[in-house]
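The values are calculated or read from the model by the stated rules, or taken from the named source; none is laboratory data. Because the structure is a prediction, the values reported are computed rather than measured. A quick note on method: Cβ atoms are made from the backbone with ideal geometry, for glycine too, and the neighbour counts reach across all protein chains shown.
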Amino acid sequence: MTTTTVDAATGRSREMAASIAQVPGRHRMLTGDRPTGDLHIGHYLSSLRSRVALQDRGVEAFVLIADYQVITDRASVGQIKDNTLSLLTDYLAAGIDPERSTVFAHSAVPQLNQLILPFLSLVTQAELQRNPTVKDELAASRRPLSGLLLTYPVHQAADILFCKADIVPVGKDQLPHVEQTRVVARRFNSRYGAGAEVFPEPTALINDQQLILGVDGLKMSKSRGNVIRLAATEDETAALVRKARTDSEHEITYEPERRPEVANLLTIASGFTGRSPESLAEELGDGGGSALKTLVIDTINEGLRVHRDRRQLIAQDRAQLLQILRAGNAKAEAVADKTLTEVRQVMAMDY
Ligand code: TRP
């Protein structure tokens, strides 16, 4: 993406934040995750709690469990049903309220998926191939490019547009998706809608939370065992943080370039306390890695205590989780059905 595009998106994000503060009820957000395993503290700090805050402010929330996306880069689906229910458990524990918000599984809404067909007619192979997320996922999957992975930006466009969401909370790295969705909406309106605004162009609400790394200072990944899961116990959390890599300097300072591992631990503590990493570093002074780790363990365990208690309780009732998901699926289906009907009408395919 060019700097101009990023600047424009940043400007729209700021305007949207101002509008949410004034008239939250006029906005609808769509966001979601892949059910690949348990959520971790990175998810909590960067997305989960801001979604709940938006919901609580009065923004209408659609939260998608992107189960079909799991097979874009994996050979098998694995424990997809368990993972889906675990994801739902974390949403509910974090405060997503199924009475106000719609939580649903992607695969359960056929009308949403049908939108992919007309949308595919609006994009070129070259456009899809140069999408940065498609490129990254392709490199990470170490498999040949599947049709599903190639068309990934189009499914995401359908995810966002089926409910005509005008807000998509994202990290900066996800911006190209929202841009692609804007292009799909614009082209649909001009090509099939004769200029009428069938689909609004959504705005990316850009999240500034700094990326949280694993306890070894590398990208969080289950296979590396460097991830602090929301479902982890306090003892598991402590053991993982104790293993974290730091350096031999006693004086704790926040220097992300020179001391990335120490900076990452400070960022985590900052996320859970709301204090700046610099002020936490100053307070720790020459306490060294051990004092820093104690602080990080305490802030994570305190910050997640309510979440973990609720999570445990909710996870016990699988039947109720399924019921909540089915109700969300039905709500999403009703919305998708309305949109597909409108699409059929504007495309003169309403038989
Ligand atoms: N791709 C997202 C992830 O990897 C999940 C997702 C699917 C999504 N569709 C979306 C996020 C639409 C935002 C908007 O977790």
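Values computed for the structure shown
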quantity	calculated
Top-ranked residue of segment 14-50 - restricted to ones that are in a helix (DSSP H, G or I) and surrounded by fewer than 15 Cβ atoms within 10 Å (Cβ to Cβ), ranked as farthest from the ligand (Cβ to nearest atom)	GLN22
Pair list, Cβ under 6 Å, 6 or more apart: segment 332-351 residue surrounded by fewer than 16 Cβ atoms within 10 Å (Cβ to Cβ), other residue assigned to a loop (DSSP other than H, G, I, E, B) and not charged (D, E, K, R)	MET347/TYR192
Identity of the residue in segment 129-148, assigned to a helix (DSSP H, G or I) and closer than 16 Å to GLN174 by Cβ, that ends up farthest from the ligand (Cβ to nearest atom)	LYS135
Only listed residue being assigned by TED's automatic domain parsing to the domain that holds VAL59 and closer than 21 Å to LEU30 by Cα, chosen from ALA126, ALA157, ALA139	ALA157
Hits in segment 219-269 - residues which are under 30 Å from GLN316 (Cα atoms) and polar (S, T, N, Q)	SER221, SER223, ASN226, THR233, THR237
Pairs, first within 15 Å of GLU278 (Cα to Cα) in segment 244-257, second surrounded by fewer than 18 Cβ atoms within 10 Å (Cβ to Cβ), C-beta under 6 Å, six or more apart	GLU251/ASP286; TYR254/GLU278
Residue check, LEU85 of a type outside the set (Gly, Ala, Ser), at negative phi and not in a helix (DSSP H, G or I)	no
Test: residue in segment 214-224 that is over 18 Å from the mean Cα position of the chain (by Cα) and exposed (fewer than 14 other Cβ atoms within 10 Å of the Cβ)	yes
Filter result (at pLDDT 90 or above, part of a helix (DSSP H, G or I) and away from the ligand (no atom under 13 Å from the Cβ)) within segment 172-213	VAL183, ALA185, ARG186, ARG187, PHE188, ASN189, SER190, ARG191
Among residues of segment 268-299, those that are among the acidic types (Asp, Glu) and either surrounded by 19 or more Cβ atoms within 10 Å (Cβ to Cβ) or not in a helix (DSSP H, G or I) (or both), counted	1
Test: ASP216 is in a loop (DSSP other than H, G, I, E, B) and touching a helix residue (DSSP H, G or I) at 6+ places or on another chain (Cβ under 8 Å)	yes
Pair list, Cβ < 7 Å and 6+ apart or interchain, from segment 159-182 residues that are farther than 20 Å from PHE119 by Cα to residues that are within 10 Å of the ligand (Cβ to nearest atom)	PRO169/MET29; PRO169/THR31; PRO169/SER47; VAL170/VAL178; VAL170/ALA204
